[in-house]
Amino acid sequence: NSIPVVDLPFAGGGITNLNLPAREAAYYRVVVPPNATSWRVKLTALTGESMLALLTNGVPSVLSGKASNARKDVQKSGDEHFVMLPVAPQLTLNPGTNYLAVVSEGDGNTNTTRVGAGSSSYRIESRGELPVLDLGLAGTTNLTFSASQEGGEVRAYQFTVPPDMTSLEVQLQNPTGNPAMVLRVGGAFPNPGGAS
């Protein structure tokens, strides 16, 4: 028998599942179009806990993609976020088919190493490209923006540095939790998990 896979649109597509039994998985497919600069996915926990696994050109399973690190697993308490960014020096993603697996970890489970009893419920959304907020021109006036975000969520900002500027300071002020910031010169996204 074939595994049932539900298609989600690249941007603005979402499905709610109110009863996924513990240890069971639901599968989704999203096609990333040509010239996409990024791709965002959000898994909102309604009840219980669920894990998100992603794989390009294949359905995620216990073994598929794990040895080659091609499969990406997102697993923590609460909502899950995933962002796919192009690998430098590319400015856009490779177009293609990507598969998502939502795996139920049961109801009331907050320990990511064990599966709880019962079922979980969730909403899975393909949110399209990561929006970039332009903060403007760096200069004598501070460029500031205040925001809050969930654990694992990524936001993107850009600003322009004039050619005659000799130094620049960028900082996170009054942070709550443990946010991280990654900067990169040029038109490509920085890699939040790397040093580029």
### Whichever residue in region 8-29 is part of a strand (DSSP E or B) and farther than 23 Å from GLU105 by Cα and, among such residues, is least open to solvent (accessible area, probe 1.4 Å)
GLY13
### Message
Scan region 163-170 and tell me whether some residue there is surrounded by fewer than 11 Cβ atoms within 10 Å (Cβ to Cβ) and closer than 16 Å to LEU52 by Cα.
### Response
no
#### Entry: Within region 116-171, tally of residues that are of a type in the set (A, V, I, L, M, F, W, C), closer than 21 Å to THR47 by Cα and touching a Ser or Thr at 6+ places or on another chain (Cβ under 9 Å)
1
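Yes or no, residue by residue, for (1) of a type in the set (Val, Ile, Thr); (2) closer than 26 Å to ARG155 by Cβ; (3) modelled with pLDDT under 85:
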{"position": "PRO33", "(1), (2), (3)": "no, yes, no"}
{"position": "THR56", "(1), (2), (3)": "yes, yes, no"}
{"position": "VAL59", "(1), (2), (3)": "yes, no, yes"}
{"position": "VAL74", "(1), (2), (3)": "yes, yes, yes"}
{"position": "SER77", "(1), (2), (3)": "no, yes, yes"}
{"position": "PRO86", "(1), (2), (3)": "no, yes, no"}
{"position": "GLY96", "(1), (2), (3)": "no, yes, no"}
{"position": "ALA117", "(1), (2), (3)": "no, no, yes"}
{"position": "SER120", "(1), (2), (3)": "no, no, no"}
### Query
Can you name the condition, by its number, that ARG29 falls short on among (1) charged (D, E, K, R); (2) at pLDDT 90 or above; (3) over 18 Å from the mean Cα position of the chain (by Cα)?
(3)
### Message
Where the second residue is surrounded by 11 or more Cβ atoms within 10 Å (Cβ to Cβ) and of a type in the set (Asp, Glu) and the first is within 23 Å of GLN75 (Cβ to Cβ) and lies in region 148-170, which pairs have Cβ atoms under 9 Å and are six or more apart or on separate chains?
### Response
GLU150/ASP79; GLY151/ASP79; GLY152/ASP79; GLY152/GLU80; GLU153/ASP79
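The values are calculated or read from the model by the stated rules, or taken from the named source; none is laboratory data. None of these values were measured; they are calculated from a predicted model. FYI the Cβ positions are ideal-geometry reconstructions off the backbone, even for glycines, and counts take in every protein chain you see. Heads up: the accessible areas ignore ligands, DNA and RNA and are worked out on the full protein's heavy atoms, side chains in. Shrake-Rupley method; radii C 1.70, N 1.55, O 1.52, S 1.80 Å.
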